[in-house]
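**Student:** Before anything else, here's the structure in question.
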Amino acid sequence: METITLLERVFDGLLMLTLLWLAWRALQSPDLFKAVVLFIAFGLTMALVWVRLQAPDIALAEAAIGAGLTGALLLKALAQSNELADRVSDDHTTDTGDTHEHR
Amino acid sequence: MGSSIITIPWAIWTILLPLAGSLLCFLLPRRAVPLGLAAALSIVVPVAGLSWQVATQGVQRYAVGGWGAPLGIDLYADGLSSLMLSMTALVGLGTSLYARAYFARRKAQFFWPLWLLLWAALNALFLSGDIFNLYVTLELLGLAAVALVALAGGADALTGAMRYLLVSLLGSLCYLLGVALLYHAFGSLDIISLGRLMTPMPAVWAAMGLMTAGLLLKTALFPLHFWLPPAHASAPAPVSAILSALVVKASFYLLLRLWLDLFPEPGAAPRLLLGVLGAGAILWGSLQALRQKRLKLLVAYSTVAQLGYLFLAFPLLISAAWNAVVYFVLSHALAKSAMFLAVGNILYFGGHDRIDELDRIVQRLPLTMTAFAIAGISIIGLPPSGGFVAKWLLLEAAFSSGQWGWVLVVISGSLLAAAYVFKVIGFAFTQAKVLHETRAVPTIMEWTALGLALAALALGLMAPLPLELMDIGAPWVTLIGEELP
Amino acid sequence: MFFALYALTGIGLFVLGLYSLIVQAHLIRKIIALNIMGSGVFLVLVGLGGRTSSAVPDPVPQAMVLTGIVVAIAATALALTLILRVQAETGRTDLPEHTSEH
Amino acid sequence: MNTADHRALPKPFQYVLLVLISALACGLGYAVLSLPDQAIELKGLVEANLEASGVRNPVTAVLLNFRAYDTLLEMAVLLLALIGVWSLGATPMRRGADPGPVLSALVHGLVPMMILVAGYLLWAGAHAPGGAFQAGAVLAASGVLLLLTGKRLTARLTGRPLRIALLAGLGAFITIGVIVMPAGGMFLQYPPSHADGLILFIEATATLSIGAILTALFLGGRTVSGGER
């Protein structure tokens, strides 16, 4: 009994650290595509956390909506955004999409 | 019990009617305009019914789902909420009539369902007595407002809407974290029971800070106002009127409720800070308004300044100053919506809103300029307008609490407001060098602007009525005894 | 008491998200940051319910979080569409420092 | 191209911000830890009234009975987001790439199963984990898969039938909330004897609408031009 709770605690601790690490990576990753993928992984880890917190209803919703559909929305938006940027750089070959002049 | 007029639960209908109207407009996009107008007209009935109930029978409670707080959600209507509902109905009706002529069909089919959802969110917010339910209404309100700003299209409106969306979501999340802390501190979401259970502890101060910060962001108190001018100035005219008159007031109303009904009396320092920020808003907003070249931005910065007055009350005596604040909210709603609609007419007429090219607009749109001038009277605070009564009450509160510094702020704010209003009126008489093509403004658009401006004026003439109504169930009435030993 | 750590993790997510929301310029990153902030708030909401050692957790915060998740995806969908429209109109994926004055 | 790490703030500001935000984190952490150990909750009230709510899953009872008004407004938020997305007009999207026969076959096998799963979740929500939102999300996932394989609604269905599916959930919610009123009840006060049936009906329509709205949100602003002609 003792060892089981201890194992659970270790698992909980690892889960929290993973969550924070994934969040930080998703927020700071220089590659936006990677950031979105990390965000989806973050959502799936959240679903695990909800299971640990005895909230299976939220776990289901998080996996389906938080990770799945939000991830799909982000990936699609990213693809469209890149397409838009390509179109702009096709139109003005001198002006690449990422030159932002700040006044 | 038979459902005579006395027992009809008007409160819930003020929310259901706009919701249902929005669904119908969405279902039948071709008929969105008549359906939307019918819904807008019908909302007046439950609002009048509820105000009458509150005036004659006192505070109304309605337990949605029949469970009652704290298990269920209660609607709670006192004098303050029914005044807010009436203000929304009046401005909403005027703006709806205006919008009927303003929007072409493609935009109208989106405007009506969005606007009616926003209206439902406003009414739900003014009536809700549950802090989590208030979060949902805040989100509904914020997202509807953003979508309405974006309806204008074009780079300015879209970036303005985007900034507004980010601010709105951030504000809601701060508020929600506060809700989480309060729930786990006291085990309730109902404002009334929370207020009774309230004991100072770190979680309460954290919640108060988070919720206040989130709502200040949404209310655009200086220096958190950066998002307001681009959003309010680039939106379609009726939307600008709705945003400036109603939407920012909703988050302020919630802030007022939380500080008065929920949180323990804060120390003098945070109240003074809010007062100072308010003073900053008045001076900074007015100066910015004065140096704008575009009329719509001028009016938007004027909103930043006018919102500052609402916060001057925090350092003053609660009992005296809150009447003034609520009066400010009401009179600014009417005057500013009139002003934005008038500017919308000018923009519609000449295709631009550059102040130095207004080009004798006084002769060409006399009704519109009259509306602008009358609204200006209330914004400046000249008698006999509603703005005058509000400023009078505020000055009275400042005198009676012996804080003379605020008097100076109020007076310089009025002078600056006079400067920017008369600047516009001055250019309206002069001939411009550049000629612009013009198109006729539909009559209804001129008359609704004038109607709202006259309502702002009337608010000054019939001051006793709203003042009496707002004291029904008002928390500060019970506070007076505690303040004066 | 141990489960309060989940609430603390939630606070951690909230502030990480807040920091990135302010620092990052790319609008899609800002939306990711807001979503992570939201997850943090949800974790505080449910995590603090685990303070009692009873077997059955409090259902009310769970219902609130379910509502919150749906609100979050609605906001995200609207935001992403708006971002694409902004990009189509202005060619940029961030917000200009100052709005252009005409 | 968009992957470059654009920072909105210069470095010194970032450090100031870091300090401020660390202070915020400490304050909030302290507030959380200082909460009384004895949690006060609504759990007891929910358990006491669960019998009368019509469902045995306490989360579903809160969502669809005790705090059903929240859920109703939240459905309005979903619909609002869709109207907002549609009002923004068409977003550019590359022509759907050909998914290939294997993926197509896989999706075609998967979708009926997912609809079954959605049905199960909906039914299970009354007494076990699950409910309208989860079921609706699964429905939306199958919708998204179909969209990815290039499936579109036929023109006949994109007009009013689609709009009815989108607002059925909110419409049914409001209608039932009002229908129970003449019997002397409040808005959304289901008579206990019929609560289970009414809740299941609301959940079923909500599932349909949530699935449809989420799918439409994924599709973006393209249906409107097709649907309005």
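**Student:** Whole number in Å², please: accessible area per residue of the stretch B:186-235, 1.4 Å probe, ligands, DNA and RNA not counted.
**Tutor:** Per residue, the stretch B:186-235 has 27 Å² of solvent-accessible surface.
**Student:** Computed FRET efficiency, Cβ-Cβ of B:VAL434 and B:LEU287, R0 45 Å: what is it to the nearest 0.05?
**Tutor:** 0.95
**Student:** Within 10 Å of each Cβ of B:244-254, how many other protein chain Cβ atoms are there on average? Spell out each step's value before the answer.
**Tutor:** Values: counts 0, 0, 0, 0, 0, 0, 0, 0, 0, 0, 0.
Going residue by residue through B:244-254 and averaging, the value is 0.
**Student:** Which order do B:ILE131, B:ILE472 take by accessible area at a 1.4 Å probe, largest first?
**Tutor:** Sorted by accessible area, descending: B:ILE472, B:ILE131.
**Student:** Just to verify a number: FRET efficiency for B:ARG360 and B:TRP404, C-beta to C-beta distance, R0 = 51 Å, to 0.05?
**Tutor:** 0.70
**Student:** Highest mean first, how do B:431-437, B:327-333 rank when packing is the count of other Cβ atoms within 10 Å averaged over residues? Present the calculation step by step, with values, prior to reporting the outcome.
**Tutor:** Working: B:431-437: 9.9, B:327-333: 27.3.
Ranked by mean Cβ neighbours within 10 Å, highest first: B:327-333, B:431-437.
**Student:** So what is the diffusion coefficient of the stretch B:121-234 in µm² per second by Stokes-Einstein at 25 °C and 0.890 mPa s, using a Kirkwood Rh over Cα pairs?
**Tutor:** 165
**Student:** To test your reading of the geometry: what angle, between 0 and 90 degrees and rounded to tens, separates the Cα axis of helix B:105-127 from the longest principal axis of chain B?
**Tutor:** Helix B:105-127 sits at roughly 30 degrees to that axis.
**Student:** With each pseudo-label sitting 7 Å past Cα toward Cβ, what's the B:LEU28-D:LYS11 distance in nm, one decimal?
**Tutor:** It is 6.5 nm.
**Student:** Report the percentage of all Cα-Cα pairs in chain D whose separation exceeds 30 Å, rounded to a whole percent.
**Tutor:** Every Cα pair in chain D considered, those over 30 Å come to 46 percent.
**Student:** Taking the stretch B:28-96, how much of its Cα-Cα pair set, in percent, is spaced more than 20 angstrom apart?
**Tutor:** Here the long-distance tail beyond 20 Å is 45 percent of all Cα pairs in the stretch B:28-96.
**Student:** Taking each residue of B:106-114 in turn, how many C-beta atoms of other protein chains fall within 10 Å of its C-beta, and what is the average?
**Tutor:** What the average comes to for B:106-114 is 3.
**Student:** What quantity of accessible surface, computed with a 1.4 Å probe and excluding non-protein components, is buried in total between chains C and B, in Å² to the nearest 100?
**Tutor:** Adding both sides of the contact gives about 3200 Å².
**Student:** Quick check: net charge around D:ALA141, other residues with Cβ under 15 Å of its Cβ, Lys/Arg +1 and Asp/Glu -1?
**Tutor:** +1
**Student:** Would you calculate a helix-derived [θ] at 222 nm for the protein assembly as shown, using -39,500 (n - 2.57) for each DSSP H run of n ≥ 4 and dividing by the full residue count, to the nearest 500? All intermediate terms of the calculation are to be shown ahead of the outcome.
**Tutor:** Working: 37 runs with 660 residues, N = 919.
-24500 deg cm²/dmol, from helical runs alone.
**Student:** Using a 10 angstrom cutoff on alpha carbons, build the Gaussian network for chain D and name the most mobile of D:SER104, D:SER209, D:SER142.
**Tutor:** Ranking D:SER104, D:SER209, D:SER142 by mean-square fluctuation puts D:SER104 first.
**Student:** Give the lysines whose C-alpha is closer than 24 Å to that of D:LYS151, dropping any in the same chain fewer than 8 places away, or say none.
**Tutor:** By straight Cα distance, D:LYS151 reaches A:LYS76.
**Student:** Quick one: accessible surface of B:VAL167, probe radius 1.4 Å, all protein chains present, in square angstrom to the nearest 10.
**Tutor:** Solvent-accessible area, nearest 10 Å²: 10 Å².
**Student:** Can you pull the three principal axis extents for the Cα set of the protein assembly as shown, in Å, largest first?
**Tutor:** 80, 74, 62
**Student:** Leaving ligands, DNA and RNA out of it, work out the accessible area of B:LYS423 with a 1.4 Å probe and give it in Å² to the nearest 10.
**Tutor:** Its heavy atoms expose roughly 60 Å² to the probe.
**Student:** Ok, one more. Using a 1.4 angstrom probe with every protein chain in place, what is the largest-first accessible-area order of B:ARG360, C:ARG29, B:ARG105?
**Tutor:** Numbers: B:ARG360 60, C:ARG29 10, B:ARG105 155 Å².
Per-residue accessible area, sorted high to low, gives B:ARG105, B:ARG360, C:ARG29.
**Student:** Could you state the per residue volume, in Å³, of the convex hull enclosing the Cα atoms of the stretch B:277-396?
**Tutor:** Per residue, the Cα convex hull of the stretch B:277-396 comes to 83 Å³.
**Student:** Okay, moving on. At B:GLN57 and D:ALA90, where each label point lies 7 Å from the Cα along Cα→Cβ, what is the point-to-point distance in nanometres?
**Tutor:** 5.5
**Student:** Total Å² of accessible surface buried at the A-C contact, 1.4 Å probe, nearest 100?
**Tutor:** Buried: approximately 4100 Å² between C and A.
**Student:** Based on the alpha-carbon set only, what is the convex hull volume of chain C divided per residue, in Å³?
**Tutor:** Working: hull volume 9.8 nm³, N = 102.
In chain C, the Cα hull volume divided by residue count equals 96 Å³.
**Student:** Sticking with this one: Let me know the mean shielding of D:122-130 by other chains, meaning the per-residue number of their Cβ atoms within 10 Å of its Cβ. The partial results should precede the final answer.
**Tutor:** Working: counts 0, 0, 0, 2, 0, 0, 2, 8, 4.
Counting Cβ atoms of other protein chains within 10 Å of each residue's Cβ and averaging gives 2.
**Student:** What percentage of the solvent-accessible surface of chain B, computed with a 1.4 Å probe over protein heavy atoms, is contributed by carbon and sulfur atoms?
**Tutor:** 69
**Student:** Related question: Sort D:144-151, B:439-446, D:15-22, B:46-53 by the packing proxy (mean of other Cβ within 10 Å over each peptide's residues), most packed first.
**Tutor:** Per-residue Cβ counts within 10 Å, averaged per peptide and sorted highest first, yield B:46-53, D:144-151, B:439-446, D:15-22.
**Student:** Could you state how much accessible area D:VAL59 has, in square angstrom rounded to the nearest 10, with a 1.4 Å probe and all protein chains kept in place?
**Tutor:** D:VAL59 has an accessible surface of roughly 10 Å² with all protein chains in place.
**Student:** Report, by chain and number, residues whose modeled amide H sits under 5 Å from the one on B:ASP130, excluding near sequence neighbours (fewer than 5 apart, same chain).
**Tutor:** B:ILE191
**Student:** Only Cα pairs under 8 Å and at least 6 apart count here; give the relative contact order of the stretch B:1-104 as a rounded whole percent.
**Tutor:** Values: 96 pairs, mean separation 27.0, N = 104.
Across the stretch B:1-104, relative contact order equals 26 percent.
**Student:** log₁₀ I(q)/I(0) of chain B at q = 0.09, 0.10, 0.11, 0.13 Å⁻¹, via Debye over equal Cα point scatterers, no solvent, to two decimals?
**Tutor:** Taken in order of the listed q values, log10 I(q)/I(0) reads -0.56, -0.70, -0.85, -1.22.
**Student:** Between B:PHE422 and B:ALA101, what is the FRET efficiency for a Förster distance of 35 Å, r being their Cβ-Cβ separation, to the nearest 0.05?
**Tutor:** According to the calculation, E is roughly 0.75.
**Student:** Please give the net charge around C:VAL71, taking every other residue with its beta carbon less than 11 angstrom from that of C:VAL71, where Lys and Arg add +1 and Asp and Glu add -1.
**Tutor:** Values: positive: none; negative: B:GLU139, D:ASP70, D:GLU74.
Once positives and negatives cancel, what remains is -3.
**Student:** How many square angstrom of accessible surface are buried between C and D, both sides summed, with a 1.4 Å probe and rounding to 100?
**Tutor:** 3900
The values are calculated or read from the model by the stated rules, or taken from the named source; none is laboratory data. Remember, it's a predicted structure, so these values are computed and weren't measured experimentally. So basically every Cβ, Gly included, is an ideal-geometry build from the backbone, and we count neighbours across all protein chains shown. These area figures cover heavy atoms from the full protein model, side chains too; ligands, DNA and RNA do not enter into them. Shrake-Rupley method; radii C 1.70, N 1.55, O 1.52, S 1.80 Å.
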